[in-house]
Ligand code: C2E
Ligand code: CA
Ligand code: CA
């Protein structure tokens with residue numbers, strides 16, 4: 001970057017020298033012209049205005065005054081009125097002319113200075129954010145220009161795009177200026193966190209970019225330092241506030257046009273937002289996954305209308321007796337061309353749109369219809385439905401469930417709602433109220449993926465929860481990983497003390513199964529017992545086993 005500035009500077013100095021030379025030649029030329037045409041009494045002395053005006057324009061008011069003085073002097077004491085007769089001018093005559101030249105030089109210089117500072121201001125505005133005075137997207141693109149194609153990978157900077165995810169929440173709590181205030185504190189934080197140089201740019205209302213000089217350090221580690229720095233609270237009006245930050249970055253890709261580099265970092269940022277990760281590095285695979293995801297979402301609405309979404313059911317058994325107590329309803333998309341699409345490929349996407357409300361309602365409706373059908377065939381199992389955080393926050397969610405129960409003439413205790421910790425913690429007051437109404441109608445509420453979120457234990461007892469599902473990530477590590485063993489034992493003990501039951505999900509091995517039974521875990525679910533299956537297959541499986549799962553020794 002400094003080489004480019006040096007080159008520019010050298011060019012500017014050369015142009016400057018050339019201008020001085022040309023102006024000096026012009027002044028000398030006017031002198032010769034006036035002399036050769038017979039002296040000052042003829043009209044040619046007015047030609048001196050040309051170099052004076054030009055010098056004002058090029059060098060500002062100082063240049064204008066200087067050339068005005070020079071011109072006055074050149075056409076002054078040594079220039080006769082009439083070369084033919086040798087008659088000289090009066091002093092007052094050339095002094096007055098010199099004064100006039102100086103005034104013209106000064107005025108043209110002032111006009112040119114004003115125009116130049118106006119242009120400078122416009123240029124500055126086009127390259128800066130007015131709220132924080134930080135350089136903006138245009139400035140970032142300019143800074144990236146030297147690294148564009150053709151200069152190889154060496155010495156390339158790391159480009160990080162950062163967004164404040166909880167912008168709305170912060171604005172509504174602390175007012176409009178809070179985001180600018182946080183962003184203003186960013187450059188200092190960036191400089192403090194990184195060993196080499198870095199510059200900060202504001203790209204949008206809550207989006208900034210940091211261009212890090214890699215200086216031989218590991219790019220991942222540098223971005224890690226940035227994440228740590230941004231996790232420290234920011235100060236606003238003397239209050240410490242937390243900004244939820246996500247980062248997307250690009251560092252080892254052959255740099256193309258500056259716009260493409262920014263776009264790559266933004267693609268990575270979109271993935272970081274979608275997956276709720278602190279930082280994501282760009283890779284070409286992200287783009288194709290994203291395009292595929294967008295295409296899937298586009299088709300999803302139609303698929304719902306055409307009845308392509310259906311539920312599969314996975315048994316949950318009592319660990320003491322082996323009795324099948326219930327099933328978890330898991331959504332499957334029967335795509336006419338792509339075959340079965342698992343929920344991980346479309347539900348997280350749908351969660352970012354209102355489609356998740358449609359999906360939530362569909363799952364509840366289908367699960368209830370199935371529960372009624374099984375009750376009619378004397379199959380007594382509860383049916384658990386997964387509830388997205390957005391479903392729970394949707395206004396009138398409890399009303400919707402109660403209305404559906406009424407429609408299917410079903411009692412609440414057959415339906416279980418699996419809610420994740422994050423969903424519970426998002427809007428506690430609203431959630432407690434909605435879940436209390438549902439629990440009042442005897443629906444079973446369970447916490448899904450227990451141990452992976454940030455559930456604050458002190459709030460657990462406020463919620464009408466009757467079951468805790470220990471996340472698969474712990475169950476999978478049983479019984480050899482002592483960390484997992486301790487977490488499972490603590491969860492079992494905590495749940496029992498609070499009057500709740502515990503189910504372990506993702507039970508795949510006989511060893512884990514035995515460990516859980518001995519640890520006092522109440523229920524289990526997992527591939528060891530059975531995989532999720534279509535309703536008909538579940539009924540066959542159940543009758544084959546006489547309603548019980550017997551663990552083979
Ligand atoms: P989840 O609620 O944690 O569901 C358990 C997932 O683990 C299911 O994946 C299930 O098939 C899988 N699983 C069960 N036993 C085992 C095992 O022993 N080993 C392994 N490796 N996996 C096991 P699935 O069906 O792909 O669902 C993924 C996630 O999609 C679910 O995670 C749930 O969060 C979501 N989901 C599924 N159906 C719905 C739905 O109707 N609505 C909403 N909002 N989310 C749903
Ligand atoms: Ca679940
Ligand atoms: Ca789960």
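The values are calculated or read from the model by the stated rules, or taken from the named source; none is laboratory data. Because the structure is a prediction, the values reported are computed rather than measured. Note that we place each Cβ from the backbone using ideal geometry, even for glycine, and neighbour counts take in every protein chain shown.
Would you point out the residue of segment 425-437, among those that are out of contact with any strand residue (DSSP E or B) (no Cβ under 7 Å at 6 or more places or on another chain) and crowded, with 17+ Cβ neighbours inside 10 Å, that is farthest from residue 370 (Cα to Cα)?
431
If I ask for residues that are closer than 30 Å to residue 548 by Cα, outside any strand (DSSP E or B) and touching a helix residue (DSSP H, G or I) at 6+ places or on another chain (Cβ under 8 Å), which ones from segment 286-332 would you list?
If the condition is that a residue be closer than 30 Å to residue 548 by Cα, outside any strand (DSSP E or B) and touching a helix residue (DSSP H, G or I) at 6+ places or on another chain (Cβ under 8 Å), then 319, 320 are the ones that fit.
Can you name the condition, by its number, that residue 527 falls short on among (1) in contact with a strand residue (DSSP E or B) (Cβ under 7 Å, 6 or more places away or on another chain); (2) within 15 Å of ligand 2 (Cβ to nearest atom)?
Going through (1) in contact with a strand residue (DSSP E or B) (Cβ under 7 Å, 6 or more places away or on another chain); (2) within 15 Å of ligand 2 (Cβ to nearest atom) one by one, residue 527 breaks only (1).
Return yes or no: is residue 323 in the same structural domain as residue 518 (by TED's automatic domain parsing), surrounded by fewer than 18 Cβ atoms within 10 Å (Cβ to Cβ), more than 19 Å from residue 408 (Cα to Cα) and free of Cβ contacts under 8 Å to residues at least 40 places away in the same chain?
For residue 323, the condition - in the same structural domain as residue 518 (by TED's automatic domain parsing), surrounded by fewer than 18 Cβ atoms within 10 Å (Cβ to Cβ), more than 19 Å from residue 408 (Cα to Cα) and free of Cβ contacts under 8 Å to residues at least 40 places away in the same chain - is not met.
Do we find a residue being within 20 Å of residue 469 (Cα to Cα) and away from ligand 1 (no atom under 14 Å from the Cβ) anywhere in segment 377-388?
yes
Could you go through segment 129-136 and let me know if any residue there is under 24 Å from residue 258 (Cα atoms), under 40 Å from the mean Cα position of the chain (by Cα) and surrounded by fewer than 19 Cβ atoms within 10 Å (Cβ to Cβ).
Among the residues of segment 129-136, at least one is under 24 Å from residue 258 (Cα atoms), under 40 Å from the mean Cα position of the chain (by Cα) and surrounded by fewer than 19 Cβ atoms within 10 Å (Cβ to Cβ), which makes the answer yes.
Test residue 514 against the criterion of being under 16 Å from residue 314 (Cα atoms), more than 16 Å from ligand 2 (Cβ to nearest atom), surrounded by fewer than 20 Cβ atoms within 10 Å (Cβ to Cβ) and assigned by TED's automatic domain parsing to the domain that holds residue 380, and give yes or no.
When the stated conditions are applied, residue 514 does not pass them.
Mind checking which residues of segment 488-518 are touching a helix residue (DSSP H, G or I) at 6+ places or on another chain (Cβ under 8 Å), away from ligand 1 (no atom under 12 Å from the Cβ) and farther than 22 Å from residue 459 by Cα?
515, 516
Limited to segment 318-333, what total is found for residues that are more than 16 Å from ligand 2 (Cβ to nearest atom) and touching a strand residue (DSSP E or B) at 6+ places or on another chain (Cβ under 6 Å)?
Here the count works out to 6.
Would you be able to say whether some residue in segment 382-390 is crowded, with 21+ Cβ neighbours inside 10 Å and more than 16 Å from ligand 3 (Cβ to nearest atom)?
So far as segment 382-390 goes, no, none of its residues is crowded, with 21+ Cβ neighbours inside 10 Å and more than 16 Å from ligand 3 (Cβ to nearest atom).
Restricting to segment 380-432, count the residues that are in contact with a helix residue (DSSP H, G or I) (Cβ under 8 Å, 6 or more places away or on another chain), away from ligand 2 (no atom under 16 Å from the Cβ) and closer than 23 Å to residue 459 by Cα.
Number satisfying all stated conditions: 10.
From the residues in segment 386-411 that are more than 22 Å from residue 313 (Cβ to Cβ) and touching a strand residue (DSSP E or B) at 6+ places or on another chain (Cβ under 9 Å), which one is modelled with the highest pLDDT?
397
If I filter segment 40-92 down to residues being touching a strand residue (DSSP E or B) at 6+ places or on another chain (Cβ under 8 Å) and outside any loop (DSSP other than H, G, I, E, B), which single residue comes out as surrounded by the fewest Cβ atoms within 10 Å (Cβ to Cβ)?
Residue satisfying both the conditions and the ranking: 87.
For segment 333-362, enumerate the residues that are in a loop (DSSP other than H, G, I, E, B) and more than 21 Å from residue 313 (Cβ to Cβ).
Residues satisfying the conditions are 336, 337, 338, 351, 352, 353, 354.
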